[in-house]
């Protein structure tokens, strides 16, 4: 038997293994957990994973190259996607690459300001701090839970150089207002799309509006590789910088296992190095090793086939919850899509109204007892978190809505692993609680 024949036999057994090891399970109300998120996979995903493992090419390889090409072109309509090991790393690389001296007068320097929101996920803000920049925080609006664009001009200063914000829970922020602002003032825009793959604004995919976009492939997200993320751009100069910061900060752009892509590996003269110093060991930036393994990328390639259905199911589940809870609007603020947008929902966020006869904590404890998973809206007001108490920052205006989110908001799942029976039980549980 040849190696190719044995490989095919192994892969066919993997698909069979999935059928036996991961059978469908009956939903039992009150006993079967209803998580807010989770991995959704099948035998095909496992085949791709094992196929990559049989190559034993453990770093970035053929599956990563295929995923980057297809994800950039087919999902976002962009030229370049660069895989990294997490969505957090994607944000770090995206912001860090803008500090490169290659960018001349537009490079970000220590002390420059980056506008963001306080009601967000930490890793949208952390790269600003890690690069010795100053985050400038703005409040959000309800019920979109996105940046209050009315405060943008007030947030502007002579040190403002960029805007870095996320599309909250898959709901795009006001891209008309934000893009007009950054264009008027010649600012960089990083769209954190980690929760928003497939979301659209004015008929265009999110990620197309900024200079850079980021995504995550953690199991909670629209597709998964277990861990992983990507940085996307249309600009060749930024693509080269992204890969430099991702790959130790090196100047060389050879793929792993490749040499002399530039054709003059021993003919460079950079910095104070001697002429001919090996280009594979010349470093132009203070970078990291944030690459993804090819086994993870292989799972991503398989998951890409399912992405359209995953997005459609998330939207359908969101609408089912919205329709089922509409009669409780006197007690809850229900989520709304940003005008001109078509969200790719990550979760269903609710806020308990101040005059409701119960608190958020009472409700989520009730849901928890019924095995219905909930999550708060990330860090609430990040400025009240212990890690951010002493950071250099500016706060623009009041944070009434951000504080309200911190005390009253939470979200439940819409991910494709939820069945109609599960969603019906969730809706019934809310009604039973408020009765």
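Computed from the coordinates by the stated procedures, all read-outs in this text should not be read as laboratory data. Quick caveat: nothing in here was measured; it's all calculated off a predicted structure. Every residue, glycine as well, gets a Cβ built from its backbone with ideal geometry; the counts of neighbours run over all protein chains shown.
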Quick one: length gained pulling residue 106 to residue 322 fully straight, 0.36 nm per residue minus the C-alpha distance? 73.3 nm
Tell me, what is the FRET efficiency for residue 183 and residue 407 to the nearest 0.05, using R0 = 41 angstrom and their Cβ-Cβ distance as r? 0.70
Under the Kirkwood approximation for Rh and a Cα-based Rg, what ratio Rg/Rh is obtained for region 307-434? 1.00
Please tell me the relative contact order of the chain in percent, rounded to the nearest whole number, where contacts are Cα pairs under 8 Å and at least six residues apart. 23
Only helical DSSP H runs with n ≥ 4 go in: add -39500 (n - 2.57) per run for the chain, normalise by residue count and round the 222 nm mean residue ellipticity to 500 deg cm²/dmol. -10500 deg cm²/dmol
Would you list 326, 235 from fewest to most Cβ contacts within 10 Å? 326, 235
Within region 235-252, find all residues whose amide N lies under 15 Å from a label point positioned 7 Å from the Cα of residue 79 along Cα-to-beta-carbon. 235-243
Decide, for the chain, between rounded, prolate and oblate: order the square roots of the alpha carbon gyration tensor eigenvalues as a ≥ b ≥ c, take rounded if a/c falls under 1.5, and otherwise choose prolate if a/b is larger than b/c, else oblate. oblate
Using the Kirkwood radius built from alpha carbon pairs, what does the Stokes-Einstein equation give as D for region 1-113 at 4 °C and 1.567 mPa s, in µm² per second? 70
Over region 1-135, what is the relative contact order in percent, taking alpha-carbon pairs closer than 8 angstrom and at least six residues apart? 16
Using the Cα gyration tensor of region 180-261, with a ≥ b ≥ c the square roots of its eigenvalues, what is the shape: rounded (a/c below 1.5), prolate (a/b larger than b/c) or oblate (neither)? oblate
Could you line up 277, 48, 388 from fewest to most neighbouring Cβ atoms inside 10 Å? 277, 388, 48
Using only alpha carbon pairs under 8 Å that are at least six residues apart, calculate the relative contact order of region 51-303 and give it in whole percent. 25
How big is D, in µm² s⁻¹, for region 379-435 by Stokes-Einstein at 25 °C and 0.890 mPa s if Rh is the Kirkwood radius over C-alpha pairs? 168
Find how much the distance from residue 286 to residue 13 grows on full extension, using 0.36 nm per residue of separation minus their present alpha carbon separation; answer in nm with one decimal. 93.7 nm
Which of 53, 249, 257 fluctuates most in a GNM of the chain (C-alpha springs under 10 Å)? That residue is 257
Could you check the spin-label model distance between residue 266 and residue 253? Points 7 Å from the Cα along Cα→Cβ, value in nm. 2.4
Of 391, 20, 412, the most mobile residue in a GNM of the chain (C-alpha springs, cutoff 10 Å) is 20
On alpha-carbon atoms, Rg over Rh for region 62-169 using Kirkwood Rh? 1.01
Any idea what log10 I(q)/I(0) is at q = 0.16, 0.18 Å⁻¹ for region 250-363, Debye with uniform C-alpha scatterers and no solvent? -0.88, -0.99
Need one number: nm distance between label points at residue 54 and residue 25, each 7 Å from Cα along Cα→Cβ, rounded to one decimal. 3.0
Neighbour counts of other C-beta atoms within 10 Å: give me 222, 185 arranged from fewest to most. 185, 222
Tell me the volume per residue, in Å³, of the convex hull enclosing the alpha carbons of region 51-303. 120
Please find the FRET efficiency linking residue 69 to residue 237, where r is the Cβ-Cβ separation and R0 is fixed at 25 Å, and quote it to the nearest 0.05. 0.80
Cα-based radius of gyration of region 31-95 once divided by 2.2 N^0.38 Å, which approximates compact folds: 1.42
